[in-house]
Amino acid sequence: MLIIIHLSLMSAATLCLISGVAVAMFKRSKNYWFKAHKTLNTTGLIILLAGTVMAIVGVTVGGGGHLSGLHQRIGLVTVILSCVTVFLGYYSIKAKNKTALLALHRWLGRLSVLGVLFVLILGLIMIGII
Ligand code: HEM
Ligand code: HEM
């Protein structure tokens, strides 16, 4: 049951993150892009963290060992990457070296989205859906 909640939360988080990045990539000419990007991606991270807690609780309750496979390990790295990306997004607003931090944000952001998609596919393979 907890893993189904994990699956649902991770799917929702992925949709939020992809939509937020799509806004930053394709809707930059609109004046709402920043607010939409910030809201969608912050929400995406919160759901991602909730989904991670569900996975950890699910593994604990099931009596299994933590971080036992590729999905679990790359999943954790991706969650950490996403946290750093969001932190850089907020921090760079006031920072002096804004240009460098935003460049890092853009690349870590792209890597986070690719990571989430890859881990999602690994998860679906793990439970036999694909
Ligand atoms: C629909 C997609 C997904 C499915 C079906 C899925 C499925 C699972 C399952 C079955 C486990 C438990 C494995 C076990 O018993 O050891 C698990 C653990 C985990 N998943 Fe996912 N997952 C999905 C998406 C994601 C995503 C997108 C992330 C992160 C970016 C993620 C991060 C994790 C982590 C960190 C664990 C390990 C928890 C621990 O070892 O304590 N998962 N996942
Ligand atoms: C995990 C969440 C996030 C991801 C994956 C992400 C990803 C990205 C990506 C891929 C871009 C570049 C788009 C392009 O190709 O032009 C971008 C741009 C940007 N993001 Fe984020 N972002 C996230 C959260 C945030 C947050 C929370 C903020 C602000 C508080 C933010 C602020 C910005 C800004 C200001 C830019 C423009 C950077 C520039 O033009 O140099 N991002 N983001």
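The values are calculated or read from the model by the stated rules, or taken from the named source; none is laboratory data. Please read all numbers here as calculations on a predicted model, not as lab measurements. Here the Cβ positions follow ideal geometry from the backbone for every residue, glycine too, while neighbour counts run over all protein chains shown.
Conditions first: (1) touching a residue at least 12 places away in the same chain (Cβ under 8 Å); (2) of a type in the set (Gly, Ala, Ser); (3) more than 23 Å from His37 (Cβ to Cβ). Gly64 passes all but one, so which condition is the exception?
Going through (1) touching a residue at least 12 places away in the same chain (Cβ under 8 Å); (2) of a type in the set (Gly, Ala, Ser); (3) more than 23 Å from His37 (Cβ to Cβ) one by one, Gly64 breaks only (1).
I'm told Gly64 meets every condition in (1) of a type in the set (Gly, Ala, Ser); (2) closer than 22 Å to Val21 by Cβ; (3) at pLDDT below 95 except one. Can you identify the failing condition by its number?
Answer for Gly64: the failing condition is (2).
Might you let me know whether segment 70-78 holds any residue that is within 14 Å of ligand 2 (Cβ to nearest atom) and within 30 Å of Met1 (Cβ to Cβ)?
First, pick out the residues of segment 70-78 that are within 14 Å of ligand 2 (Cβ to nearest atom): 77-78.
Now narrow it down to the ones that are within 30 Å of Met1 (Cβ to Cβ): 77-78.
Within segment 70-78, one or more residues are within 14 Å of ligand 2 (Cβ to nearest atom) and within 30 Å of Met1 (Cβ to Cβ).
May I ask you to verify whether Ser8 is more than 8 Å from ligand 2 (Cβ to nearest atom), surrounded by fewer than 14 Cβ atoms within 10 Å (Cβ to Cβ) and either of a type in the set (D, E, K, R) or in a helix (DSSP H, G or I) (or both)? Give the derivation first.
Values: more than 8 Å from ligand 2 (Cβ to nearest atom): yes; surrounded by fewer than 14 Cβ atoms within 10 Å (Cβ to Cβ): yes; either of a type in the set (D, E, K, R) or in a helix (DSSP H, G or I) (or both): yes.
Taking the combined requirement at face value, the residue satisfies it.
So if I check each of Leu111, Leu120, Leu88, which one is under 16 Å from His6 (Cβ atoms), modelled with pLDDT of 95 or more and touching a helix residue (DSSP H, G or I) at 6+ places or on another chain (Cβ under 8 Å)? Break it down stepwise before answering.
Numbers: Leu111 fails: under 16 Å from His6 (Cβ atoms); Leu88 fails: under 16 Å from His6 (Cβ atoms).
Residue meeting the stated conditions: Leu120.
In contact with a His (Cβ under 7 Å, 6 or more places away or on another chain) and closer than 18 Å to Val21 by Cα, is that true of Ser112?
Numbers: in contact with a His (Cβ under 7 Å, 6 or more places away or on another chain): no; closer than 18 Å to Val21 by Cα: yes.
So Ser112 does not fit the description; no.
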